[in-house]
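Below is one structure, written out as structure tokens, with a few remarks after it.
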Amino acid sequence: MKLKIVKGTRDLYGDDMSRFQRLEDAARDVFNLYGYEEIRTPMFEKTELFAHGVGEDTDIVGKEMFLLEDRRGRSLALRPEMTASVVRSVITNNHMQQSTHRRFYYIGPMFRYEQPQKGRFRQFYQIGAEYFGVSSPDADLEILLMLRQFFQAIDLKTVSFQLNTIGCQLPECRPAFKNRLVAYLESKQDRLCENCQRRIHTNPLRVLDCKEEQCIALTADAPKIYEHVCEECDTHFTGLRQMMEAHEVEYSLNHKLVRGLDYYSRTVFEVYSENLGAQNAAGGGGRYDGLFEVYGSPIIPALGFALGLDRLAMLISETKPQPEGVFIIGHDRQAVTSLVAKTREAGYKSLYDPFQSSMKSQFRQANKANVTKVLILGEEELKANSVSVKNMLNGQQDSVNLDDILNYIA
Ligand code: AMP
């Protein structure tokens, strides 16, 4: 049998793993400051959860889901995103009964059957957060401030947001805008790409974020949704923009930003950093006040975002591991392993050569181990109940009584 990894997946180790760990640590630290609790949901759910919530007409549900059948023929899906799962958890566990508002974050793998390329995988990782229960724009601002702080923590320069509102379901809001947009698009119909010619009548908003050149040009002068939303949505959007300006959150309006998923309402955004190429968002999110209702639950205002860990890992600087701990070398296996145990139990990283090769080879390994000190238990040292300690940072060498070694390396 030829062992091969599945297309579009990868093993994470070494430098990639260190980058992921750094990003995850920074996210946990920053999100904790804002009161977010970690949540882990199953990696697979009933297919209908995504079909109803994310929308059958979206790419990630319509074309890209990994589907499984259980032994009784029921359809399950590997999660293509996690908002639907977190909302499901809020409903099935009655999270909102314990508090008027809840904040959750998650870190984990998602699965989409996409064509793999640089920065695009079939199993990829997201860090995301969801904020439930607050309808005022303060919540939208909080999410944006948290993202800005996270980007600062990982040293990604000049974060900016692209912002739009896609209104709500009230007849005078998004539905009225859609009619206006359809009329505009119909006047250009024969010059749009084939996919958009179909989408005019199934999902006209998606024509706005089509990546085909002719569609980009033809929609440049399309009516702007943020100029046509209902009064309440307009007040929300204006309030958010004023607060963003007060907090010096850089953003630009993008009337073509609609996000791919059906569940969004009002605020939608994507986040960019100077370190990213022009088209490459590090993540995005928005408000989805209507999603709970889709699942037959009372309305709970909600919003959130997801960031792509694989892409962020490509952007941050290389991790240079700091020298840490001790490497213990010697011939007397018993003496070496007991000092290794003693130092580990006292809280030090402690390494040794499990094969007890020649002293020369052990020295070589110690030099490569990126430790701060090498502890040498040679014959002389054992006789004198001492340890020779070589400081790897400045080359200094000392002889220390074995009983004092923990104090010495502290
Ligand atoms: P989305 O919910 O589709 O906007 O995804 C949020 C973020 O997840 C994107 O901005 C990407 O950084 C990341 N992402 C989405 N799909 C993939 C993929 N197939 N491979 C790697 N990262 C992805």
(request) For the stretch 272-292, enumerate the residues that are touching a strand residue (DSSP E or B) at 6+ places or on another chain (Cβ under 9 Å), more than 16 Å from residue 128 (Cα to Cα), part of a loop (DSSP other than H, G, I, E, B) and modelled with pLDDT of 70 or more. (result) 274, 289, 290
(message) Checking the conditions here, which among 178, 188 is in contact (Cβ under 8 Å) with a residue 24 or more places away in the chain, under 24 Å from residue 262 (Cα atoms) and not assigned by TED's automatic domain parsing to the domain that holds residue 34?
(response) 178
(request) Find all pairs meeting these conditions: Cβ atoms under 6 angstrom apart; at least six residues apart or on different chains; first residue within the stretch 354-382 and acidic (Asp, Glu); second residue open to solvent by 10 Å² or more (accessible area, probe 1.4 Å). (result) 381/388
(request) Go over the candidates 226, 263 one by one and state the one that is surrounded by 19 or more Cβ atoms within 10 Å (Cβ to Cβ) and under 30 Å from residue 314 (Cα atoms). (result) 263
(request) Identify the residue in the stretch 111-121 that is more than 7 Å from the ligand (Cβ to nearest atom) and either in a strand (DSSP E or B) or not aromatic (Phe, Trp, Tyr) (or both) and, among all such residues, is nearest to residue 310 (Cα to Cα). (result) 118
(request) Collect the residues in the stretch 298-334 that are away from the ligand (no atom under 16 Å from the Cβ) and either hydroxyl-bearing (Ser, Thr, Tyr) or open to solvent by less than 20 Å² (accessible area, probe 1.4 Å) (or both), keeping them in residue-number order. (result) 317, 319, 325, 326, 327, 328, 329, 330
(message) Looking at the structure I just gave you, is residue 161 under 30 Å from residue 248 (Cβ atoms) and either within 16 Å of the chain's Cα centre (by Cα) or outside any helix (DSSP H, G or I) (or both)?
(response) yes
(message) Cβ-Cβ under 7 Å, sequence separation 6+ or interchain: first residue in the stretch 236-262 and farther than 17 Å from residue 139 by Cβ and assigned by TED's automatic domain parsing to the domain that holds residue 64, partner more than 16 Å from the ligand (Cβ to nearest atom) and hydroxyl-bearing (Ser, Thr, Tyr). Which pairs?
(response) 253/226; 255/226; 256/219
(message) Residues that are within 16 Å of the ligand (Cβ to nearest atom) and within 17 Å of the chain's Cα centre (by Cα): does the stretch 59-71 have at least one?
(response) no
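The values are calculated or read from the model by the stated rules, or taken from the named source; none is laboratory data. Quick caveat: nothing in here was measured; it's all calculated off a predicted structure. Cβ: placed from backbone, ideal geometry, glycine included. Neighbour counts: every protein chain shown. Note: accessible area is taken over every heavy atom of the protein model, side chains too, but ligands, DNA and RNA are not part of it. Shrake-Rupley method; radii C 1.70, N 1.55, O 1.52, S 1.80 Å.
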